[in-house]
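Worksheet: one structure, shown below.
Just so you know, all these numbers are worked out from the coordinates, no wet-lab data involved. Being a predicted model, the structure only gives us computed values, none of them experimental. Here the Cβ positions follow ideal geometry from the backbone for every residue, glycine too, while neighbour counts run over all protein chains shown.
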Amino acid sequence: MTISVRFHETGGPEVLQAENVVVGQPGLGEARIRHAAIGLNFIDIYQRSGLYKVPLPACAGNEGAGVVEAIGDSVTSVKPGDRIAYAGGPIGAYCEVRNMPADRLCLLPDEISYEQAAAMMLKGMTVQYLIRRTYAVQSGDIVLFHAASGGVGLIACQWLKTLGATVIGTAGSDEKCALARAHGADHCINYRTENFVERVQEITHGAGVRVVYDSVGKDTFLGSLDCLQPRGLMVSFGNASGPVPPFDLGLLTQKGSLFITRPSLFGYTANRQELEATAQELFDIVRSGQVKSTSGSATRWQRQHKRIATWSRARRQVRAY
């Protein structure tokens, strides 16, 4: 028997229940893994609340790191004893042991700890597809990245600077803005005290930005369109403030023949080759030191590590989450 945190109906944290389950032998194409650390993400809340539909009952969670204990038939990508990490794929990370498709597991370099991997896989691979493929940021580009002090934002600020971009971030307090600037943002706008559209136009001398990355959703969507250059790209990849309501596509014409996309990590890592390439680029830039998972006692990364470092600690905190 093993512990699994499951929900049989959607709702608040109270629907999560720790249950004993039996994990059998891995089936065809599967591997059994024992978690050393798991990650907590906004998508977990979306799935638990019902905003994103998942089959019920379900074990929560989408990100983890650990060791392969056994493999099923036809598995060649991993073997027992391998250190692995993953993000996305079948829901079910809030557990001690699970079976999952082996082709969704990434081999974890020795230099990266389980705790670090569980804190960065979903967020880091999200940044990779956003800034390297959804829009391939070039040196000299001016980029607006909302929620720049969050888990995704802190990685993005660092990585964007390695590409030579000018980074304009937004955050909800002066403390969070200072954190974003410490991680590479050239400018950070406190959207609670400043009009971010006006500040972006001021910073860019009225030119606007080439691309906006927006995980906030409802509260920032229309303003983000007003920050773009003609033929600029709006990348909407989250709903922290709620889903974007329906809008008239004619706005895109009126505001300068704009482009818009709603990407997902799974859409950019749908096959094994894409998944491996995405993870490898993340591992490489972290190992190079250009993107750090910790850089001082006050960083969001360290607070996040304390929250999710081990399964036993995450299990005690999951109801509050």
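Numbers below:
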{"quantity": "Amide H contacts under 5 Å for residue 61, placed H, 5+ residues apart", "calculated": "92, 93, 94"}
{"quantity": "Separation of the residue 190 and residue 207 label points, Cα + 7 Å toward Cβ, nm", "calculated": "2.8"}
{"quantity": "For residue 194, distant residues with modelled amide H under 5 Å away", "calculated": "none"}
{"quantity": "Projected label distance in nm at residue 53 and residue 133, using a 7 Å step from Cα toward the beta-carbon", "calculated": "2.6"}
{"quantity": "Low-density loop cleavage sites - chymotrypsin sites (Phe, Trp or Tyr not before Pro) in the range 1-97, where at most 15 other Cβ are within 10 Å (DSSP)", "calculated": "52"}
{"quantity": "Scattering profile of the range 122-266 at q = 0.17 Å⁻¹ [log10 I(q)/I(0), Debye over alpha-carbon scatterers]", "calculated": "-0.88"}
{"quantity": "Lysines whose Cα lies under 30 Å from that of residue 53, excluding same-chain neighbours fewer than 8 positions away", "calculated": "123, 218, 306"}
{"quantity": "Residues residue 280 and residue 25, FRET efficiency given R0 of 25 Å [Cβ-Cβ distance, rounded to 0.05]", "calculated": "0.25"}
{"quantity": "Where only alpha carbons of the range 76-150 are counted, the Rg and the Dmax (Å)", "calculated": "15.4, 46"}
{"quantity": "5 angstrom amide H check on residue 71, placed H, neighbours 5+ away", "calculated": "32"}
{"quantity": "Rounded Å value of the spacing that divides the Cα centres of the range 7-27 and the range 186-250", "calculated": "38"}
{"quantity": "Whole-Hz couplings from phi, Karplus 6.51/-1.76/1.60, listed for the range 235-246; x for Gly and Pro", "calculated": "10, 9, 10, x, 9, 4, 9, x, x, 5, x, x"}
{"quantity": "Derived scalar couplings ³J(HN,Hα) [the range 90-96; Karplus, 6.51 cos²θ - 1.76 cosθ + 1.60; whole Hz; x for Gly, Pro]", "calculated": "x, 4, x, 7, 7, 7, 7"}
